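The values are calculated or read from the model by the stated rules, or taken from the named source; none is laboratory data. None of the values given here were measured: they were computed from a predicted structure. Here Cβ is always computed from backbone atoms with ideal geometry, including for glycine, and neighbour counts include all displayed protein chains. All accessible areas refer to the heavy atoms of the entire protein, side chains included, with ligands and DNA or RNA removed. Shrake-Rupley method; radii C 1.70, N 1.55, O 1.52, S 1.80 Å.
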Amino acid sequence: MVTNLPAEAKAKWMKVMDAKTPEEKIKAIQDFLSYVPKHKGTENLVYWAKRRLAELKEEAEKEKRKGGGKRSFSIFVEKAGAGQVILLGDAFLRTELLRALTNVKVIPRDVPVPGMAPFEDIKLQLVNPPLTVPLSKVVGLARNADAIVIVANDLQEYEQIKKFLEDNNVLLKKPRGKVIIERSRYGNSGLRIVNLGKIVDSSESEIRKYLEGFGIKSAIVRILGEITMDDVEKAIFESVTFKPGVMVSPKPLAVDVYSLTFNVARRELPKVLFESLDVIRVYTKEPGEDATGDPLIMRKGSTVMDVARRLHSSLAEGMRYARVWGKSVKFPGQKVGGDHVLEDKDIIEIHTK
């Protein structure tokens, strides 16, 4: 059941979402908890908030112990390509897999080693965590990645890694439905719902009203699969995240995610990974010219206006219409508006005032 929070608590939660530093988030969550009514309906919410508070306090304490002014060690890897994929599991096998797909031969002893794996006209970034860093220290890499590949010798090794990820709120198996709230940088862009699934117990208008009650008035809300209002609430409050998972092993194993043997993964893994990501390729063109060779990588459910904003804010402001070639239109060069939803490999030609 969706938690019915008072307006004061909703306002405090907005402070949590807007906080930048761990210290600001700690104070904001403490303030939020003081305004949350204590009853059975808020138990899960309070549990999550207290757990997140403990994590933030631990992070802040670690930073203090490192000493003032010193730059802290980080294994963060900036994203590149069409998606970032982290390799977990057997150190030897994942290093061999990275070498086979990217030709990167460096062994990741103290820092992560990234490599670019080609697929058709794009590349995927594979990240091999350092061998000297325990699994408990690479949760941040897993949460930041777009997908996870577990390279394991047997079921026991796979299950251990899967359980560790689940204990840290990272799920490999796709939930029945999912709600993604992407707050917009454009303050006046409004609240747009992209429904690519099914709303079971509510409607788009009710979801819009519920989100606006939390002060979320400028965002893109993507609905994937079958969802309820509980899923909308989870998207606001919970830190649980889903990452498409792929299992790679020396011999065939029956697991609950897509699995490949090591030899097959050498050929098929980039294709499997691309198809598991919620992204599409969009090509742009000028009137009378051919489409560009390098695609824009966009989220599934992206519209013509999203592409225009990605290219330049002035292009979005001055757009009159667009012409599209591809699977999303009925005929080549169809004239569409800014709210037209694009599909993989569409070509778009934007016309301005």
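Considering every residue within the stretch 116-128, establish whether at least one is part of a loop (DSSP other than H, G, I, E, B) and either in contact with a helix residue (DSSP H, G or I) (Cβ under 9 Å, 6 or more places away or on another chain) or closer than 20 Å to M247 by Cα (or both).
yes
Anything in the stretch 211-223 that is within 22 Å of N44 (Cβ to Cβ) and either of a type in the set (V, I, T) or open to solvent by 30 Å² or more (accessible area, probe 1.4 Å) (or both)? List them, or say none.
Of all residues in the stretch 211-223, those within 22 Å of N44 (Cβ to Cβ) come to 211, 213-216, 221, 223.
G213, G215, I216, V221, I223, listed by residue number.
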Could you tell me which numbered condition E206 fails, if it satisfies all but one of (1) under 26 Å from K25 (Cα atoms); (2) open to solvent by 30 Å² or more (accessible area, probe 1.4 Å)? (1)
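Kindly establish whether K300 is closer than 28 Å to G197 by Cα, at pLDDT below 95 and of a type in the set (K, R). Full working, then the answer.
On the way: closer than 28 Å to G197 by Cα: yes; at pLDDT below 95: yes; of a type in the set (K, R): yes.
Spelling it out, K300 is indeed closer than 28 Å to G197 by Cα, at pLDDT below 95 and of a type in the set (K, R).
So is E275 farther than 29 Å from I216 by Cα, among the charged types (D, E, K, R) and surrounded by fewer than 20 Cβ atoms within 10 Å (Cβ to Cβ) or not? Can you show your working first?
On the way: farther than 29 Å from I216 by Cα: yes; among the charged types (D, E, K, R): yes; surrounded by fewer than 20 Cβ atoms within 10 Å (Cβ to Cβ): yes.
Here the answer is yes, as E275 does meet what is asked.
Taking into account only those residues within the stretch 65-97 that are assigned to a loop (DSSP other than H, G, I, E, B) and among the basic types (K, R), which is modelled with the highest pLDDT? Reasoning before the result, please.
Narrowing the stretch 65-97 to residues assigned to a loop (DSSP other than H, G, I, E, B): 66-80, 82-83, 90.
Then keep just the ones that are among the basic types (K, R); that gives 66, 70-71, 79.
Values: K66: 56, K70: 46, R71: 46, K79: 91.
Among residues in the stretch 65-97 that are assigned to a loop (DSSP other than H, G, I, E, B) and among the basic types (K, R), the one modelled with the highest pLDDT is K79.
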Of all residues in the stretch 8-43, count the ones that are within 24 Å of the chain's Cα centre (by Cα) and open to solvent by 40 Å² or more (accessible area, probe 1.4 Å). 8
So H312 fits all but one of (1) out of contact with any His (no Cβ under 8 Å at 6 or more places or on another chain); (2) modelled with pLDDT of 90 or more; what number is the exception? (2)
Quick one: Q156 ticks every box in (1) more than 25 Å from E58 (Cβ to Cβ); (2) touching a strand residue (DSSP E or B) at 6+ places or on another chain (Cβ under 9 Å); (3) not in a strand (DSSP E or B) bar one, so which box is it? (2)
Close pairs from the stretch 110-123: first closer than 19 Å to D344 by Cα, partner modelled with pLDDT of 95 or more and of a type in the set (D, E), Cβ under 9 Å, at least 6 apart: none
Lone unmet requirement of (1) assigned to a loop (DSSP other than H, G, I, E, B); (2) at pLDDT below 85; (3) surrounded by fewer than 19 Cβ atoms within 10 Å (Cβ to Cβ); (4) out of contact with any Gly (no Cβ under 8 Å at 6 or more places or on another chain) for L5: (3)
When every residue in the stretch 167-203 that is surrounded by fewer than 17 Cβ atoms within 10 Å (Cβ to Cβ) and among the basic types (K, R) is compared, the one modelled with the highest pLDDT is K198
Which residues, counting only those in the stretch 304-347, are within 25 Å of the chain's Cα centre (by Cα), buried (at least 16 other Cβ atoms within 10 Å of the Cβ) and within 19 Å of E289 (Cβ to Cβ)? V304, V307, A308, K345, D346, I347
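Considering only the stretch 265-288, state which residues are touching a Leu at 6+ places or on another chain (Cβ under 8 Å), in contact (Cβ under 8 Å) with a residue 12 or more places away in the chain and part of a helix (DSSP H, G or I). Explain how you work it out, then say what you get.
The initial filter retains those residues of the stretch 265-288 that are touching a Leu at 6+ places or on another chain (Cβ under 8 Å), namely 265-266, 268-270, 272-274, 278, 280-284.
Then keep just the ones that are in contact (Cβ under 8 Å) with a residue 12 or more places away in the chain; that gives 265-266, 269-270, 272-274, 278, 280-284.
The answer is A265, R266, L269, P270, V272, L273, F274.
Quickly run through the stretch 192-214 and pick out the residues that are in contact (Cβ under 8 Å) with a residue 24 or more places away in the chain, in contact with a helix residue (DSSP H, G or I) (Cβ under 8 Å, 6 or more places away or on another chain) and outside any strand (DSSP E or B). Step through it out loud before you land on a result.
Going residue by residue through the stretch 192-214, those that are in contact (Cβ under 8 Å) with a residue 24 or more places away in the chain are 192-202, 207, 210-211, 213-214.
Filter again for in contact with a helix residue (DSSP H, G or I) (Cβ under 8 Å, 6 or more places away or on another chain), leaving 193, 195, 199, 201-202, 207, 210-211, 213-214.
Answer for the stretch 192-214, where residues must be in contact (Cβ under 8 Å) with a residue 24 or more places away in the chain, in contact with a helix residue (DSSP H, G or I) (Cβ under 8 Å, 6 or more places away or on another chain) and outside any strand (DSSP E or B): D201, S202, I207, Y210, L211, G213, F214.
Name the single residue, out of those in the stretch 227-264 being among the hydrophobic types (A, V, I, L, M, F, W, C) and in a strand (DSSP E or B), that is surrounded by the fewest Cβ atoms within 10 Å (Cβ to Cβ).
Result: F242.
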Between a residue in the stretch 227-246 that is closer than 20 Å to L53 by Cβ and any residue that is part of a loop (DSSP other than H, G, I, E, B) and open to solvent by less than 20 Å² (accessible area, probe 1.4 Å), which pairs come within a Cβ distance under 9 Å, given they are 6 or more apart or on different chains? E233/T3; I236/F214; I236/I216; F237/T3
Which numbered condition in (1) open to solvent by 20 Å² or more (accessible area, probe 1.4 Å); (2) closer than 19 Å to K271 by Cα; (3) modelled with pLDDT of 90 or more; (4) polar (S, T, N, Q) is the only one that N153 fails? (2)
